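Input: a single structure, listed below in structure tokens.
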Amino acid sequence: MKNKVRVRLTKALMNKYEALWDAFGSNSFTLDDATRVLTEKARINKEGVPVFLAELRNAGRLMVQQNQQDLRKSIYTLKSGQDVISEALKTEGAALGRGEVEGILKKAADLIRTRVDYRFILVLLFMKRISDLWEMEYHFTIEEAKSDGLSEVQAVKEALKPAHHDFDIPEKYLWKNIRNDVQNMPENFAKALKEISERNPDLKDAFDVDFIQFAGNRENAEILRQLVEVFSEKRLYNVSPDILGDAYEWILRYFAPDKAKEGEVYTPREVISLIVEMLDPKPSEHVYDPASASNGMLITSHNYVKKKYGSEEAEKLFLHGQEVNTKTQALGRMNLYIHDIKNAYLASGDTLLYPKFKTYEDVVKYDLVIANPPWNQDGYDEERLKKGEFWQKRFPFGFVSNQSADWAWIQHMLASAKPDTGRVGVVIDNGCLFRGGKERLVRSKVINQDLLECVILLPEKLFYNTGAPGAIMIFRKHKPGRNKGKILFINASTEFEQHPDVRKLNILSDKNIKRIVKAYKEFSDETGFSEAISMEKIKENDYNLNVTLYVFPQEEEEHIDIDKEWQELKALEKDSAEIEKKIEGYLKEISGNG
């Protein structure tokens, strides 16, 4: 087992260490030098100095090298507390990569699969992360406080203050303390979540799980104990937010097929990446998801800006999300924290009736509005929508039937987009492109306003909750000149690869995404894949936006070499004649022998 660096020293050791640090700092010294200082200032007997130096070395506070001028003696160099902590971070954190984090989660997933709600894994992951971070912040603060002249007792008192921590966590509810009290573990987790939520207002409603009810039977109590042990294998304070965020997403994706049966929707991150690349968010822009769920759209937008412009620029992105399902929103809130994204604002409520991001007169306007709202959501006819706020401004193109709110969502998103820079991207059911009745009327008015820029037919079997292909629609309040009066149709129905983990599903590869994005940005015509269609032609087709009506994949024509085929046929006939001749000979031999 790998030795771990001991960051904290006992009070007795610390006093002696500080005496040496005051005398030598990070400069080298000999045993004689140390003896002189320690016998004079720390009142150590001469014989006890080598023992103390060995203790310092074991604690990771002292480096020892041979004296090149006298190989029988050693040269000593002290390490600062800050250096020791940094070394501990590198030593323990360097080995904890993406594979190891996912390994921990796979063990946890195997423990609970089909028996326990996967939210418990996500809450435990989050708790372990913030607890480990708190402890490291605690150690850092102690060292900094002592370097500023505070005593050990004063430094510890200072390090316990909430101001030095990202999250205010009572010491008794740190992970290690809950872990050690196995008998009261469920109750302590429940109390910890309650108190942490109260001390950290941003975490309100984030922990939507009940550990006491969960551990109400002996089997589940044992599962909880095993889960805690799995998460206790590694320290999570020095794991990159990108790796930890991907691990969080792995859990969401891993359990998506099962949760889909319960009606919970998970948008494949490849679909989100595609739509974000098309909308191209920029630093200082405002991004809004009116059906934010686990916040995949917001997180991907942040990461896109981070990758393209840098971390500082990504922090300037304003992220807003609203979600009606409080349990789903709790997961989304933790997802943001795990990804270390702090510039997001979330609200709860029914977006179609009660939009939370608003002024006195209207909804807030955004540069990007991006969502995968519930497909064909029922219960939002004219009568109900008129009970909602700002309905005149949000649904100017008309109302939809009670059977599908698809175009109500689209209208809300258009109403939330800025008049100049506003871009809207929506993942939606393919049926809203061509259904008649009230939807056809709303669709025609939106098209006549020249707001729709692109329609993409996605491949089948991308989504966990339906085999239907789905579509992406891109709207722009102010189209570039060359795109005006046209809509680009992209038939990406054949742009997929088989899902690596789920046999019955498909996935968009990076290659697929690049091809679609390239066609969109170039607004290009490519036979069988993409074509810019004039508004006149769409009107002729009664505002039908079915992609296959305008772009249909071309089957590759097989080229036949007639001469080659003829020669092969002649060769086969020759072979056949020779075989017949041999068989005839065999028959004569048999007949003669008879």
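FYI, it's all coordinate maths here, none of it is from the lab. Predicted model only: the values in this text are computed from it and were never measured. Note: ideal-geometry Cβ built from the backbone for every residue, glycine included; neighbour counts use all protein chains shown.
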### Query
Hey, if you drop one equal point scatterer on each alpha-carbon of the chain and run the Debye formula without solvent, what base-10 log of I(q)/I(0) do you get at q = 0.05, 0.07, 0.10 Å⁻¹?
-0.35, -0.60, -0.94
### Summary
In nm, the gap between the two label points placed 7 Å beyond Cα toward Cβ at Asp501 and Tyr360 is 5.0
### Task
Could you work out the mean projected area of the convex hull around the alpha carbons of segment 257-549, in square nanometres to one decimal?
14.6
### Query
For Lys307 and Glu40 in the same chain, what is the full-extension length gain: residue separation times 0.36 nm, less their Cα-Cα distance, in nm?
90.5 nm
### Query
Taking the Cβ-Cβ separation of Phe390 and Gln226 as r and a Förster radius of 56 Å, what is the calculated FRET efficiency to the nearest 0.05?
0.65
### Query
Over all distinct Cα pairs, what is the inverse of the mean 1/r for segment 94-254, reported as the Kirkwood hydrodynamic radius in Å?
16.7
#### Entry: Linear extension gain, Arg482 paired with Asp280, 0.36 nm per residue minus alpha-carbon span
70.9 nm
### Per-residue Cβ neighbour rank within 10 angstrom, fewest leading, Val49, Val276, Val364
Val364, Val49, Val276
### Task
Would you mind telling me the antiparallel percentage of the DSSP bridges in the chain, rounded to 5?
55
### Query
How much FRET efficiency would the formula 1/(1 + (r/R0)^6) give for Phe523 and Lys564, where r is the Cβ-Cβ distance and R0 is 56 Å, rounded to 0.05?
0.85
### Message
Rounded to two decimals, what is the ratio between the C-alpha radius of gyration of segment 11-79 and 2.2 N^0.38 Å?
### Response
1.01
#### Entry: Angle in degrees between helix 81-94 and the longest Cα principal axis of the chain, rounded to the nearest 10
30
### Query
How would you order 229-241, 349-361 from highest to lowest mean count of nearby Cβ atoms within 10 Å?
229-241, 349-361
### Task
Pull out the extension gain between Lys194 and Asp420, defined as 0.36 nm times the separation in residues minus the alpha carbon to alpha carbon distance; nm, one decimal.
76.9 nm
### Query
Which order results if Ser416, Ser292, Ser273 are arranged by neighbouring Cβ count within 10 Å, fewest first?
Ser273, Ser416, Ser292
### Query
Given a Förster distance of 22 angstrom, what is the FRET efficiency for Glu460 paired with Lys511, based on the Cβ-Cβ distance and rounded to 0.05?
0.75
### Query
Which net charge results for the neighbourhood of Ala347, defined as the other residues with beta-carbon distances under 9 angstrom from its beta-carbon, given Lys and Arg at +1 and Asp and Glu at -1?
0
### Message
Output needed for segment 452-547: three equivalent-ellipsoid semi-axes, defined as square roots of 5 times the C-alpha gyration tensor eigenvalues, in descending order, whole Å.
### Response
27, 15, 11
